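K.L.:
This is the structure I have questions about; it appears just below.
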Amino acid sequence: MSRQNLKGMTVAELQDFVLSIGERKYRGGQVFSWMYAKGASSFEEMSDISKGFRDLLAKSAEIQTLEVVAARRSPKDGTTKFLFCLADGLVVESVLIPPERTSPDAGKRLTLCISTQVGCPLDCKFCATGTMGFTRNLTAGEIVDQVIQAQKHASRRITNVVYMGMGEPMLNYENVIKSVDILTDDRSLNIGAKHITISTAGYADRIRRMADEGRKVKLALSLHSLDNEKRTRLMPITKKFSVDELLDAMEYYYRKTKRRPTFEYIMIDGFNDTASDVKKMVQLSKRIPCKVNLIPFHSIEFTNPSGFASTLKPSGRSRIDDFANALRRENITVMVRSSAGADINAACGQLAVLAIGREGLSQVPSSSRQLPASYAT
Ligand code: SAH
């Protein structure tokens, strides 16, 4: 009989599981805390649980754990990129981002950016992950475990989690929501729902669903252009959900939840950073109270882009500042996202495991593994 993997189970599921092996329900909660709050990856570690129960667990269950294959820390800003190997040998990345030294949060906040899929099917033209293609969804356990394992390498508590790594969270909705439920449980990592952000390329139906379900996490939409034709060129998903449909869904979300969503906006030179784009964003903010997150376009040259993708260039710094200030004059909350980690290809949109993406790692002995170039020191 194959052993059941407990990582990814909620308290209720663990309670059912322990009942099914003849133990008392409350024991499910004990295992839950050991796995998620204390990061236990074996039953032996669970020192306040009786030996008899631990032996029973070891016979019928296992705790699958992501292996940190490589970690690379930016000497510039302390951002650390992790390469994780999954049980089937596939790999994903997560990025630990300390606040900038000048930020009022310095020393308090620590953000982890996590992945939800191996690769991504959406093919956004500016994104490195898109060039990997799509392999599979992550399980809830694999999503949560990125936080548990990164926490073991972090010098202080991870306070914020952003679902902005590889993949489209809304295409893996059930597992993503389950992972949020586990991360926010006070017997687990106890991360506040307000400190978790789910970012989507634009699934209008799932945006409405999140609103209907009363999810407390924050929502961000990767907007990048209010012009339907331009957005379609950048993000083919716009053919499925037009800009109008997306904005309707975002308005619905705001009205239902009373929470201001964030619009993410990559600044691309001459493409979406002009005065007319500012005007459209101002109109949008009048319709939907929101925050705007301007993101410098990070180079994906290392993926050898061709065609339209190769024509995209970052807006200059003064263009970004002008755009931000024009929006601020209209009382819009604007953040210019930092490019932390750009020196190690760990900034937004730069996650892609090119060297070993599809073949997997599990068959390769750790001593002779070929790491992707971006982990070379
Ligand atoms: N699929 C989700 C989450 C992953 S992308 C989404 O699309 O929102 C996380 C953020 O990084 C998105 O806002 C995305 O548009 C942005 N991004 C992707 N490629 C980028 C690049 N080359 N430079 C800057 N930001 C990028």
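K.L.:
Is at least one residue of segment 245-252 exposed (fewer than 14 other Cβ atoms within 10 Å of the Cβ) and within 16 Å of the ligand (Cβ to nearest atom)?
P.N.:
no
K.L.:
In segment 339-354, what residues are within 11 Å of the ligand (Cβ to nearest atom) and at negative phi?
P.N.:
Result: SER339, ALA342, ALA347, CYS348, GLN350, LEU351, ALA352.
K.L.:
Against the condition over 24 Å from SER41 (Cα atoms), more than 13 Å from the ligand (Cβ to nearest atom) and either in the same structural domain as TYR254 (by TED's automatic domain parsing) or among the acidic types (Asp, Glu) (or both), how does VAL217 come out, does it pass?
P.N.:
Here the answer is yes, as VAL217 does meet what is asked.
K.L.:
I've got another one for you. Tell me, yes or no, whether segment 190-197 has at least one residue that is within 16 Å of the ligand (Cβ to nearest atom), among the hydrophobic types (A, V, I, L, M, F, W, C) and assigned by TED's automatic domain parsing to the domain that holds PRO99.
P.N.:
Yes, segment 190-197 contains a residue that is within 16 Å of the ligand (Cβ to nearest atom), among the hydrophobic types (A, V, I, L, M, F, W, C) and assigned by TED's automatic domain parsing to the domain that holds PRO99.
K.L.:
Continuing with this model, one more query. Given the criterion under 22 Å from ASP212 (Cα atoms) and more than 16 Å from the ligand (Cβ to nearest atom), identify the matching residue among THR139, THR184.
P.N.:
Criteria check complete, one pass: THR184.
K.L.:
Let me ask you something else. Out of THR159, THR200, which single residue is among the polar types (S, T, N, Q) and within 12 Å of the ligand (Cβ to nearest atom)?
P.N.:
THR200
K.L.:
On to the next question. Scan segment 271-280 and tell me whether some residue there is of a type in the set (Val, Ile, Thr), assigned by TED's automatic domain parsing to the domain that holds ALA220, within 16 Å of the ligand (Cβ to nearest atom) and farther than 18 Å from ASN331 by Cα.
P.N.:
Checked against the condition, which is being of a type in the set (Val, Ile, Thr), assigned by TED's automatic domain parsing to the domain that holds ALA220, within 16 Å of the ligand (Cβ to nearest atom) and farther than 18 Å from ASN331 by Cα, segment 271-280 yields no hits at all.
K.L.:
Specify which of the listed residues (THR116, THR131) is closer than 30 Å to LEU312 by Cα, open to solvent by 20 Å² or more (accessible area, probe 1.4 Å) and within 15 Å of the ligand (Cβ to nearest atom).
P.N.:
On inspection, the qualifying residue turns out to be THR131.
K.L.:
Would you pick out the residues in segment 281-296 that are among the charged types (D, E, K, R) and within 16 Å of the ligand (Cβ to nearest atom)?
P.N.:
Of everything in segment 281-296, just one residue is among the charged types (D, E, K, R) and within 16 Å of the ligand (Cβ to nearest atom), namely LYS291.
K.L.:
Which condition from (1) in contact with a strand residue (DSSP E or B) (Cβ under 6 Å, 6 or more places away or on another chain); (2) open to solvent by less than 70 Å² (accessible area, probe 1.4 Å); (3) under 23 Å from ILE177 (Cα atoms) is the one that ARG72 breaks?
P.N.:
(3)
K.L.:
List pairs: first residue in segment 131-148 and more than 16 Å from VAL176 (Cβ to Cβ), second residue open to solvent by 10 Å² or more (accessible area, probe 1.4 Å) and of a type in the set (Asp, Glu) anywhere in the structure, Cβ distance under 9 angstrom, at least six positions apart or on different chains.
P.N.:
THR131/ASP123; GLY133/ASP123
K.L.:
Now a separate question. Please go through segment 26-48 and pick out each residue that is open to solvent by 40 Å² or more (accessible area, probe 1.4 Å) and touching a Phe, Trp or Tyr at 6+ places or on another chain (Cβ under 8 Å).
P.N.:
GLU45
K.L.:
In addition: With the requirement that a residue be touching a Lys or Arg at 6+ places or on another chain (Cβ under 6 Å) and aromatic (Phe, Trp, Tyr), what does segment 33-76 give you?
P.N.:
PHE43, the sole residue that qualifies.
The values are calculated or read from the model by the stated rules, or taken from the named source; none is laboratory data. This is a predicted model, so every value here is computed, not measured. Glycine gets a Cβ as well: all are built from the backbone with ideal geometry, and neighbour counts include every protein chain shown. Surface accessibility is based on the protein's heavy atoms, side chains included, excluding ligands, DNA and RNA. Shrake-Rupley method; radii C 1.70, N 1.55, O 1.52, S 1.80 Å.
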